[in-house]
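First the structure, in the form of structure tokens, and then the observations on it.
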Amino acid sequence: MTKDSGKKVVVIGAGIVGASLAYHLAVKGANVTLIEACEIASGVTATSFAWINTTHREPDPIAALRGEAIKEYRRLEAQLPELKIRWTGALSYGSSLPSASDNQSSTNLVSRSQILDLEPNLKNPPMQALYVAEEGALDAVAATHALVAGARLNGATVLTQTQVLGFITHSKKVTGVETSTGVIDADSVVLAAGTGTAKLTDMLGVTLPIEASPAIFIRYTSQPKLVHTLISNAHMEIRQGCDTTLLAAEDYVDDAEENQPAAIALRTAKAIHSELSGVVSIEPELACIGLRPIPADGIPIIGYLPNVSGVYVCAMHPGVALAAIVGRLASEEISDDKTFEALAPCRPGRFFPA
């Protein structure tokens, strides 16, 4: 398929999900235009803990997607040398430890001595923990830029600081996007604008229940090699970034003064001091709230909108973990008219019973 004969696809939203879609579509020969209202990776992607986590404690309708996430990121690593992933493994214990009846999880249980081999700085390691060696994390902003660069190399046009004002429709089919810089013709439009996706579907007269769920993201300056894996327990969820950066994720509590991001960052720093030995210094560099796009039933929304032809939605949490696999599958559904069973639980039509 040449660029001239490829479908004209407009992707709205240049976070990691939109960037992955733009890259995969461009590779397949689509004529891609990626639109972003602000700058690349300036939304929730910029405040993501970015854990490529494939484990899940409850019955999981998207287990098939999670199960392919790591393989798809390995594929992207080979294609995009600038996409760097730290495959450190993830160590979970305390309230994060699945029940012993979970046979799949029990195969990954490690003993106290093994935990100390993995994390020698832990002051009070538990008797056992779950260690998933295949998991890892990435710099979500850098990864998004790598995907956008890959999309550009394959012919995609990228427009930042470009507002979507509306959609051009003909006989209930979207044929273009009206933007602050003009109208862009489209055979298909992909909505991957995070918490802004619902506002875009409202323009089409379609209501999708996507909640803006807050979470706290913290970046500290500390010494290197303080943490070797990704640690998740009742007191902290932390991982080492590059060199002297330590990253943490915390639940949002409320808007009380004592629960503002800066206050939570200080409490989490104390917890890290309590949990780890050898902490020379740990200073909050950034503490902020990120708004995650979470559908009302907790299941990603992926697929074509009902009642409006030509509009494909990608709204999900965890966006980072699923970006690679969803980017590939969705691009094939859009470019090649394929249908994947792994995406069946995610279809937007579930919110619009006949």
Q | Average projection area in nm² (convex hull over Cα atoms of region 51-203, one quarter of hull surface) | A | 13.2 nm²
Q.
With unit charges on the beta carbons (Lys and Arg positive, Asp and Glu negative) and the dipole taken about the Cα centre of region 163-272, which residue among A262, V189, L230 sits farthest to the positive side?
A. L230
Q. For the cross-link pairs K28/K225; K71/K172; K84/K172; K7/K84; K71/K173, which exceed 32 Å when the distance is taken from alpha carbon to alpha carbon?
A. K28/K225; K71/K172; K84/K172; K71/K173
Q: Provide W87, W51 in ascending order of the number of other Cβ atoms located within 10 Å of each residue's Cβ, fewest first.
A: W87, W51
Q | Where labels lie 7 Å past Cα in the beta-carbon direction, separation of Q114 and L286 in nm | A | 3.5 nm
Q) If you place +1 on the Cβ of every Lys and Arg, -1 on the Cβ of every Asp and Glu, and leave all else neutral, what size is the dipole of region 209-297 about its Cα centre, to the nearest 20 Debye? A) 440 debye
Q | Value in Å of the Kirkwood radius, where region 244-310 supplies the Cα pairs that are averaged | A | 15.3 Å
Q) Can you sort V227, V190, V27 by how many other beta carbons sit within 10 Å, fewest first? A) V27, V227, V190
**Q.** Given charges at Cβ of Lys, Arg, Asp, Glu: the chain dipole, positive-most of V44, I272, V177
**A.** V177
Q | A133-R152 pseudo-label distance in nm [points 7 Å out on the Cα-to-Cβ vector] | A | 3.9 nm
**Q.** R57-D255 FRET efficiency (beta carbon distance; Förster radius 35 Å; 0.05 resolution)
**A.** 0.75
Q.
Quick check on the exposure proxy: order K225, K8 from fewest to most C-beta atoms within 10 angstrom.
A. K225, K8
**Q.** For the chain, the spread of Cα positions along each principal axis, largest first, Å
**A.** 65, 42, 40
Q) Nearest-5 percent of antiparallel DSSP beta bridges in the chain? A) 75 percent
Q. Rg(Cα) of region 301-341 divided by 2.2 N^0.38 Å?
A. 1.16
Q.
Along the Cα→Cβ direction, 7 angstrom out, place labels at D202 and S277. What is the inter-label distance in nm?
A. 5.5 nm
Q | Long-range tail of P(r) for region 196-354 (Cα pairs > 21 Å, %) | A | 57 percent
Q: Please report, in debye to the nearest 20, how large the charge dipole of the chain is about its Cα centre when each Lys and Arg carries +1 at its beta carbon and each Asp and Glu carries -1 there.
A: 620 debye
Q | Per-pair calculated FRET efficiency, R0 = 41 Å: H228 and F351 via Cβ, rounded to 0.05 | A | 0.45
**Q.** Cα principal axis extents for region 179-218, largest first, Å
**A.** 39, 24, 17
Q. With each run of n ≥ 4 DSSP H residues scored as -39500 (n - 2.57), what mean residue ellipticity at 222 nm is computed for the chain after dividing by its residue count and rounding to the nearest 500 deg cm²/dmol?
A. -8000 deg cm²/dmol
Q) Whole-Å semi-axes of region 201-295's equivalent ellipsoid, largest first, each the root of 5 times a Cα gyration tensor eigenvalue? A) 31, 15, 11
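Values quoted throughout were computed directly from the atomic coordinates according to the rules given, and no laboratory measurement underlies them. All figures in this text were calculated on a predicted structure; none of them were measured in a lab. Virtual Cβ from ideal backbone geometry, glycine too; neighbours counted across all protein chains shown.
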